[in-house]
Amino acid sequence: MAQRKSHKKHVYTQIARLTCNHGRFRAHLNKIKLSEDDRCTYCKKERGDTNHIIFGCEVHKDKIDILLKDLQIMQLALPVNVNYVLAQDQKDINCRLYKHLASISPGSEGHLQL
């Protein structure tokens with residue numbers, strides 16, 4: 001049971017960070033002077049903000065396509081951005097978004113380093 005609560009806490013923590021546009025995204029780290037570069041950690045081409053990492057990075061295209069299909073099944077109209085998805089305030093959507101983030105940042109559950 002404690003593990004389930006811990007997972008739930010990680011989901012809510014990450015969603016709260018996304019809502020505030022905070023997190024270990026290069027664009028945010030650059031803004032607060034913890035990184036000299038704001039480009040995506042993965043593709044190194046575009047600004048590494050939440051929308052790019054979650055919905056636009058070409059390195060994660062296959063995973064992004066699966067996420068978008070899942071969001072459509074959940075009745076979200078495309079195109080989407082992070083603010084729109086979070087505004088739905090639905091547990092299943094938030095959990096799916098968290099699962100996607102964890103899949104592109106393996107081994108760092110709860111402390112996603114993007």
Across (1) free of Cβ contacts under 8 Å to residues at least 24 places away in the same chain; (2) within 16 Å of P79 (Cβ to Cβ); (3) acidic (D, E), D38 clears everything bar (2)
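Whether any residue in segment 4-24 is among the aromatic types (F, W, Y) and crowded, with 16+ Cβ neighbours inside 10 Å is what I want to check.
Taking segment 4-24 first, the residues among the aromatic types (F, W, Y) are 12.
Those still in the list that are crowded, with 16+ Cβ neighbours inside 10 Å too: none.
No, every residue in segment 4-24 fails to be among the aromatic types (F, W, Y) and crowded, with 16+ Cβ neighbours inside 10 Å.
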Selection from segment 70-87 of residues modelled with pLDDT of 95 or more and closer than 18 Å to L18 by Cα yields L71
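For every residue, the table says whether it meets (1) touching a residue at least 40 places away in the same chain (Cβ under 8 Å); (2) surrounded by 15 or more Cβ atoms within 10 Å (Cβ to Cβ).
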site	(1), (2)
K31	no, no
L34	no, no
R47	no, yes
T50	no, yes
K69	no, no
D89	no, no
D92	no, no
I104	yes, yes
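The values are calculated or read from the model by the stated rules, or taken from the named source; none is laboratory data. Since we're looking at a predicted model, the values are computed, not measured. Here the Cβ is made from the backbone with ideal geometry for all residues, glycine too, and neighbour counts use every protein chain on show.
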